[in-house]
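As structure tokens, the structure follows; a few thoughts come after it.
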Amino acid sequence: MSTATIDRPKAQLPGRSGRRVSLPVLLMIIAGVLVLTSVVRLITGADGITSTGQMSTALRLAVPIGLAGLGGLWAERAGVVNIGLEGMMILGTWFGAWAGYQWGPWTGVVFGILGGVLGGVLHAVATVTFNVNHIVSGVAINILALGTTRYLSKFTFEDAPEGSSKQSPPIDSLGTFDIPGLSHWLDSLNGKHWFLVSDLAGLVGGLITDLSPLTVIAVALVPVTWWVLWRTAFGLRLRSCGENPVAAESLGVNVYKYKYIAVIISGGFAGLGGAFLSIVASNVYLDGQTAGRGYIGLAAMIFGNWMPGGLALGAGLFGYTDSLNLRGGTTNVHALILLLAILLVFGLGYLLWRRRFVPAVVTAAVAVLMFVWYAATDEVPKQVVTATPYIVTLLVLSLSAQSLRMPKADGLPYRKGQGA
């Protein structure tokens, strides 16, 4: 099927940028942020913000967010909004733990995926077959998953050894590994606290230290998703269902089938993210374990402009802020306030260059408040650290909203033959 026969998205409304950031520009931005982070580390003495342990923890926490985001990407590229990612993750945590403690962690991974698939099937039936509002269906799945898993826990985990109504018995580990020689060398280099060099060593070292096999699989799913959706005929047909299902149907594409496939795969990704939480991130299922990561995964997908690479960056950002809860949070977040203030100054310069004076005034005011907050305090309250991932989620979405373009038919009702 030729892409020339599919209707192209209409031109974006005035004020919305249709330009994508090129790879060289993106790499320059990332390099600039790394340099600024290193400068802030030297000024504040908060060496933990780029330590190997911090980066390793951030990667571990980014994986379930990224998997949920990939789930949302598959569904929305086919035109189905999936607010039910949180519920599918919950099903993944419970099914993964239930099977994992009885038959081993890899069996738990498989059952976690199947739990998410179950939620995906329910969402597909509601939205594709019965045309239920996508938001209503997703919220219903979240509520149903939460209630069902709590009910099942009372009959499965309460009487099990070391279990309770809110916690499963311990699950065997999948194991971890390092890159021999390289991981230790990078950790030593990070410990020297040299400008930029040690920060890069901490970043790279965190990505290759204390790795779970499931982490490697999850990271590999990002380029696999890109290749399937953007380099295969299957992916082209699926994306056409999210852009213009009427045109796709006129070319012989079974729109219902592709929407079902996409939403079921979406549930599988979310379920895998849930299994990761209960099997890798911790070795037990806990009530409330997902803690809104399904919603943050959806935010990462939006931040990434419905693209796998941008989604991965968003998941990494949210995973990093989440990791601050576990490693020197009050000191590290205090240092990051200074980094945020400096970034706002650069943002102010950009807005002035674009002659956007009202946003520039707001940005300048916020930057001044950040500088004052940093100068007047030595650390931030623990409550601020806990809320940081959610604050960052809201900030990122509000700042990036002007340059986003969702699939054209995302969330719109569709009936077979409606274009006839």
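Listing for the model above:
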read-out: Leading residue by the ranking (most open to solvent (accessible area, probe 1.4 Å)) among those in the range 341-381 that are of a type in the set (Ser, Thr, Tyr) and in a helix (DSSP H, G or I); value: Tyr350
read-out: Residue match in the range 74-86 (condition: part of a helix (DSSP H, G or I), within 30 Å of Ile208 (Cβ to Cβ) and either more than 16 Å from the chain's Cα centre (by Cα) or not hydrophobic (A, V, I, L, M, F, W, C) (or both)); value: no
read-out: Selection count where residues are open to solvent by 40 Å² or more (accessible area, probe 1.4 Å) and modelled with pLDDT of 85 or more, scope the range 382-408; value: 3
read-out: For Gly202: the one exception among (1) outside any helix (DSSP H, G or I); (2) more than 26 Å from Ile83 (Cβ to Cβ); (3) open to solvent by less than 60 Å² (accessible area, probe 1.4 Å); value: (1)
read-out: Number of positions in the range 170-188 that are surrounded by fewer than 19 Cβ atoms within 10 Å (Cβ to Cβ) and part of a helix (DSSP H, G or I); value: 4
read-out: Identity of the residue in the range 278-318, open to solvent by 30 Å² or more (accessible area, probe 1.4 Å) and hydroxyl-bearing (Ser, Thr, Tyr), that ends up modelled with the lowest pLDDT; value: Ser282
read-out: Output for the range 322-341, where each listed residue is of a type in the set (A, V, I, L, M, F, W, C) and either closer than 14 Å to Val384 by Cβ or touching a Phe, Trp or Tyr at 6+ places or on another chain (Cβ under 9 Å) (or both); value: Leu324, Val333, Ala335, Leu336, Ile337, Leu338, Leu340, Ala341
read-out: Qualifying residue in the range 97-105 (condition: farther than 28 Å from Asn305 by Cβ, out of contact with any helix residue (DSSP H, G or I) (no Cβ under 9 Å at 6 or more places or on another chain) and open to solvent by 10 Å² or more (accessible area, probe 1.4 Å)); value: yes
read-out: Number of positions in the range 108-138 that are surrounded by fewer than 15 Cβ atoms within 10 Å (Cβ to Cβ) and either of a type in the set (Ser, Thr, Tyr) or part of a helix (DSSP H, G or I) (or both); value: 5
read-out: The listed residue being at pLDDT 90 or above, among the basic types (Lys, Arg) and farther than 16 Å from Leu196 by Cβ, out of Arg60, Arg19; value: Arg60
read-out: Options Ile65, Ile49; residue that is under 30 Å from Ser240 (Cβ atoms), of a type in the set (Val, Ile, Thr) and open to solvent by less than 50 Å² (accessible area, probe 1.4 Å); value: Ile65
read-out: Pairs, first modelled with pLDDT of 90 or more in the range 200-214, second among the aromatic types (Phe, Trp, Tyr) and in a helix (DSSP H, G or I), C-beta under 7 Å, six or more apart; value: Leu214/Phe276
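The values are calculated or read from the model by the stated rules, or taken from the named source; none is laboratory data. Just so it is clear, the structure is predicted and the values come from calculations on it, not from any experiment. Cβ sites come from the backbone with ideal geometry, for glycine too, and all protein chains shown count toward neighbours. Ligands, DNA and RNA are excluded from the accessible area calculation, which covers all protein heavy atoms including side chains. Shrake-Rupley method; radii C 1.70, N 1.55, O 1.52, S 1.80 Å.
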